[in-house]
Amino acid sequence: MHCEEALRERASGLCGRLMYSQKLEDTCAVHWLHTSQFLLLCRSSIAPPTCDTAACEGRPFVDGRKVLCNGIVSDWEGPVQEVYAPIFKEGTQEKILIGYQARMAESDALAALDAATASWNHGRGAWALASPAHRVAKIQELVVELKKHREQIVNVLMWEICKTSADAAKEFDRTMDYIQGTLDAHRELLGGDNAFKQIGGVLAQVKRRPVGVMLNMGPFNYPFNETYCTLIPALLMGNSVVMKLPNVGCLAHICTMEVYARVFPAGVVNFVSGAGRTTMPPIMQSGKVDIFAFIGGSKAADALMKTHPEPHRLKACLALDAKNLAIVMPDCNLDSAVAECVTGSLSYNGQRCTALKLMFVHESIAAQFTEKYCAAVDKMKMGLPWESGVKLTPLPEPSKPGYLRELIEDAEAKGAKVINGLGKQENGAFVRPSVLYPVSKEMRVWHEEQFGPLCPIAPFSSLDDIYAYLDETTFGQQASVFATDLTKTGALLDVLANNVCRVNLNMQCSRGPDFFPFSGRKSSAQGTLSISEALKVVSIEAITAAKDDSVGQQGMLALAADPACTAVTSLL
């Protein structure tokens, strides 16, 4: 076999060497010891994620045998689910217990909904009628209290969903920054609301008012940040909320129960935990939900929304499936493109909605790109979240390794190969990335969002190949284009801009900064989120109008001077 230069991987005292042909039609990989005494097959099994006694002493324990409903945190006497880190105790096959969560029944979920509904009280509740200044003060109080729990929440994120220490801290801090940005945007929104408008003989004030009761369902991968991106705007605008905790990633929220009970009036925030299939349908079927904030799969969202008796009035904000593309042009800066694609596809193990989940590489540079990409992927350090330099951590979803294995087997049966030397290695929750090449539309990985450390690469010969994919895909969130002469990509960029909601030039896909709109086409989203847009998603415009004559003017000014009235207010 004609082989190109060897790629070296150093990890745990071993070096890996990958050799493959220029056409990437055949691969082989071997490990060799520094002592060169003998060779080991590169795809030998790896050790499972294990934790020594010293590290175990730092594990969190969150007793979630409690519920937050109607402003009261009470003990839970019903069924309980044990929450384990996807990490074994050293020398055993025993996972580490880090907490409990209540397994609520239908009646418990409906009790939480009733509390939120009573709090809203058809728009007559204390929170719905509170002044903007009062609600702002309460959100600021919430931030102060949450920051007291920062260390605990960051530790929980490391252990339950295995974010690196840096990423866990970043999630908490970014959430606090998001709240402050939301408060700033809210202040600007109020400034516009307070202006009187005189048009066509009508004097009016247009304000954004709360909608009602929100059902909020956040994801496991960013359980804190993504949930708060809709929760905080909803509260700030005067809505009441039922929050469904993710089954994986629930403990970070359980840490905050007492905070919400102290800060907000009864029923404004209520937690529901347990099986979503048990607790969510009865809530939606009640018809009492006015806003649905959901991050997850489109099929789950569709199924739940269909159960609402009046779905036409359900205001939905959905962040759904995504399969963001990398399009690597022949004139790209190869090293830069590889670096961005590695980070874009494998940051947090690829468990991000904005991750690069399918890479189209021009056939003229496919060999060079895949060689450099595989080398970089195989150099990524795997370990426990708190260890220095770790990039790959245990997968928190128990079923994910098996699912990724299915996708690989399907692709291999249809002509693709795992071309990186350390691919197809797994043990327990540890799954090393596998690079698949060449992938095609006959394969499941072409169509399905893998949401994990699986990196499919497809060669393309012309832009028609890209357009054909865009025509057929159900996804439409973002894409990344890598090219040196961007003027040659104008036609491609125009097509992409009509098929996705963000086109990234020579950089990976990303949600942030949070001031930018975040949305998607097709089955990737419904509604737009950004710091300012989120406030509009969870509110509705309401107009107070009078004839623009002396009587109308006097009446409006009198209302504006009345501190008990929030429908009409004076200029700031």
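Derivation of every value follows stated rules applied to the coordinates shown; laboratory data play no part. No experiment lies behind these values; they were computed from the predicted model shown. Because the Cβ atoms are built from the backbone with ideal geometry, glycine has one as well, and the counts that use them run over all protein chains shown.
General remarks:
- The candidate values are (1) 3, 15, 22, 20, 14, 11, 8, 5, 2, 0, 0; (2) 3, 16, 24, 24, 17, 10, 4, 1, 0, 0; (3) 3, 11, 11, 7, 9, 10, 8, 6, 6, 7, 5, 3, 5, 6, 4, 1, 0, 0; the one derived from this structure for P(r) over Cα pairs in 10 Å bins from 0, in percent carries the label (2).
- Rounded Å value of the spacing that divides the Cα centres of the range 276-336 and the range 469-528: 18 Å
- In terms of the mean number of neighbouring beta-carbon atoms within 10 Å, the peptides 66-73, 170-177 order highest first as 66-73, 170-177.
- Among 468-475, 277-284, the order from most to least packed when residues are scored by Cβ within 10 Å on average: 277-284, 468-475
- Projected label points at A564 and N333, each 7 Å from Cα along the beta carbon direction, are separated by 6.5 nanometres.
- In terms of its C-alpha gyration tensor, the range 372-423 comes out oblate, because a/c is 1.5 or above while a/b does not outweigh b/c.
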